[in-house]
Amino acid sequence: MTLPSSDPPLALPVWHAALLLVPIVGALVAALFARTSAALPAVWRVARGAAGLAVAASAVSLAAVVAGHGGVLGPLRADAPGAVVLLLVSFIGWVIVRYSQPYLDAERGERGYVVALATVLAAVGAVVVANHLLLIVVAWSATSFALHRLLTFFGDRRPAVLAAHKKFVFGRVADLCMATAAVLLAFAFGSLQLDALTQAAAAGPLPAAAQVAAVLVAIAALLKCAQLPFHGWLIQVMEAPTPVSALLHAGVVNLGGFVLLRLAPLIDAAPAAQALLVVVGATTAVGAALVMTTRISIKVQLAWSTCAQMGFMLMQCGLGAWEMALLHLVAHSLYKAHAFLGAGGVVRRAQVTQLAADPVRPGVGAIVVGVVLGVGATATAAVLFGGDLAAAPALPLLAAIVGLALVPLLQARALALGGAWPIGLVVGAFAVAAAYFGLHALAAHVVPPRPTAPAPGLLLLVAIAFGALFVLQTVVTVAPHGALARRLFPWFYGGFFLDEWVARTVLSVWHPPLDISRPVVPGASA
């Protein structure tokens, strides 16, 4: 079934507008009830009911969009990308609410947790359904404030407070960027309605004020998506409760990509914003991927993985691959929610893998074979399922990156087992590549690809960055104790020492709300 274009009809039916408000109003009612009710079981029942109602309303809204009943009504908007993300957010929120009740049973501050969680879900929902830039600015900022309460749930843990403080500072800078961008866009186009803004941006060259606004929006997204060198807080907020980590990594941190998607024509018409997203996103994706290989803690590995995945998503936005950015957002959200909520199982599986690991590492020959098979499988899938690659200029480059990502699978130790294993791995690699192109075709119905090709220099930069990543990872794999690996390991292990410099700067300008040098007093509150 083909979804309608992301450009909505002029009029949104009133009943559909009411559906869009159900997740927001339900979450706000749950938050208000949690503040006023004395019975915690009732608080959780209302929160679960509101989350379940949000899932049902979001599913009906998506069905209505598929049936052609989308559109715009005042500050509200219902279209294919928004309907997909609203259902995603509602589903993840429902899962996290249900997970949180037994996880936090008898914890001090349980009521405040429900208030903050419901507020976050309401604010995220408002960002997703908004058709007015001012509403996005306010709701995105409200998301950050409410999330701060969740990140400092254990307020006597000073590392948690320090990490949340750094996020708070970067969030306020991002809010300032978004507010300034809104003022500039109102000056340039005379409206803050997203449909009017995107139509004006797509109509012709952007005025200077709009060009600056696009760069500010890109900066806000980079800050809130924890891109290098402003990434440290994302790695260090593991002190928060597990459901909060799942909410952050599976939902809130992805909002930057969605806001960029809403303003896609503006970003496409601003070369400086595109270049900023590609350069910072690609650098973060490559750097975080290298650092992640040195981490032992599973949750910290997942945090660095989020940092890298957000970089890849923002890089896709800069390349104009909006349909792939939306697909990446959805897939990453579902994966990270499952990974964090099942972190205990992930740890056990990782321990089994490490204990059963074969000390024999693949040689150069196995890697060459893996490259040939991985790229070959991807190229074959592109011919069979890729469709018109000219309609998505960045897709061949992204597909080549997928081909290189398949190399570890195809150079795996199972190749040496003989029998049907090598054939099975090749078939599996082809299936992954075919799924990539098939999902791209599905996402292209939600966000139609834009035929405008990104600047050749940006494509070259991405090719060099991921080529270098593959070469470095290959060298370390083949010779983990070689001279190059020994020289690079301290830098990778230290996260290139970027966060230390940023933290000193931030703390010198804006001190945290407590003395982090004081000894921790058990039971003390923040």
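Picking from ILE235, ILE219, which residue would you name as being within 19 Å of the chain's Cα centre (by Cα), at pLDDT 90 or above and open to solvent by 20 Å² or more (accessible area, probe 1.4 Å)?
ILE219
Kindly indicate whether VAL291 is open to solvent by 10 Å² or more (accessible area, probe 1.4 Å) and touching a residue at least 24 places away in the same chain (Cβ under 8 Å). Give the steps one after another, and end with the answer.
Numbers: open to solvent by 10 Å² or more (accessible area, probe 1.4 Å): no; touching a residue at least 24 places away in the same chain (Cβ under 8 Å): yes.
No: the conditions fail for VAL291.
Restricting the search to segment 198-209, which residues are in contact (Cβ under 8 Å) with a residue 40 or more places away in the chain and touching a Leu at 6+ places or on another chain (Cβ under 6 Å)?
ALA201
For segment 297-310, check the following and say yes or no: at least one residue is buried (at least 23 other Cβ atoms within 10 Å of the Cβ), in contact with a His (Cβ under 9 Å, 6 or more places away or on another chain) and free of Cβ contacts under 8 Å to residues at least 40 places away in the same chain.
yes
Out of (1) within 23 Å of MET315 (Cβ to Cβ); (2) modelled with pLDDT under 90; (3) crowded, with 24+ Cβ neighbours inside 10 Å; (4) not charged (D, E, K, R), the odd one out for THR198 is which?
(3)
Tell me, please, whether a residue that is open to solvent by 80 Å² or more (accessible area, probe 1.4 Å), modelled with pLDDT under 80, out of contact with any Asp or Glu (no Cβ under 6 Å at 6 or more places or on another chain) and under 24 Å from LEU151 (Cβ atoms) can be found in segment 499-509.
Yes, some residue in segment 499-509 is open to solvent by 80 Å² or more (accessible area, probe 1.4 Å), modelled with pLDDT under 80, out of contact with any Asp or Glu (no Cβ under 6 Å at 6 or more places or on another chain) and under 24 Å from LEU151 (Cβ atoms).
Test LEU469 against the stated conditions and say whether it is open to solvent by 40 Å² or more (accessible area, probe 1.4 Å) and either part of a helix (DSSP H, G or I) or in contact with a strand residue (DSSP E or B) (Cβ under 8 Å, 6 or more places away or on another chain) (or both).
Criteria not met by LEU469.
Here are the criteria: (1) without any contact (Cβ under 8 Å) to a residue 24 or more places away in the chain; (2) in a helix (DSSP H, G or I); (3) under 30 Å from LEU406 (Cα atoms). Tell me which single one HIS481 does not satisfy.
Every listed condition holds for HIS481 apart from (2).
Among ALA382, ALA366, which is the only one that is in a helix (DSSP H, G or I), crowded, with 18+ Cβ neighbours inside 10 Å, at negative phi and modelled with pLDDT of 80 or more? Give the steps one after another, and end with the answer.
Numbers: ALA366 fails: modelled with pLDDT of 80 or more.
Just one listed residue meets the conditions, ALA382.
Here are some conditions: (1) at pLDDT 95 or above; (2) surrounded by 22 or more Cβ atoms within 10 Å (Cβ to Cβ). LYS166 meets all but one. Which one does it not meet?
For LYS166, the exception is condition (1).
Just a yes or no: is a residue in segment 390-403 part of a helix (DSSP H, G or I), open to solvent by 60 Å² or more (accessible area, probe 1.4 Å) and modelled with pLDDT under 80?
Yes, that holds for at least one residue.
Results for (1) under 16 Å from MET315 (Cβ atoms); (2) hydrophobic (A, V, I, L, M, F, W, C); (3) modelled with pLDDT of 90 or more, shown as yes or no for each residue.
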residue	(1), (2), (3)
GLN227	yes, no, yes
PRO241	no, no, no
ALA264	yes, yes, yes
ALA269	no, yes, yes
ALA275	yes, yes, yes
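I'm trying to understand the selection: among the residues of segment 476-491, which are surrounded by 15 or more Cβ atoms within 10 Å (Cβ to Cβ) and not aromatic (Phe, Trp, Tyr)?
Hits for segment 476-491 are VAL476, THR477, VAL478, ALA485, LEU488.
Pairs needed: first member in segment 137-162, touching a residue at least 24 places away in the same chain (Cβ under 8 Å) and within 30 Å of ALA182 (Cβ to Cβ); second member anywhere, among the hydroxyl-bearing types (Ser, Thr, Tyr) and open to solvent by 40 Å² or more (accessible area, probe 1.4 Å); C-beta distance under 8 Å; at least 6 residues apart or different chains.
So the pair list comes out as ALA146/THR119.
The values are calculated or read from the model by the stated rules, or taken from the named source; none is laboratory data. What you are looking at is a predicted structure, and each value in this text was computed from that prediction instead of being measured. Ideal geometry is used to build each Cβ from the backbone, glycine not excepted, and the neighbour counts take in all protein chains shown. The protein model used for the area step is the full one, side chains on, heavy atoms only, and it has no ligands, DNA or RNA in it. Shrake-Rupley method; radii C 1.70, N 1.55, O 1.52, S 1.80 Å.
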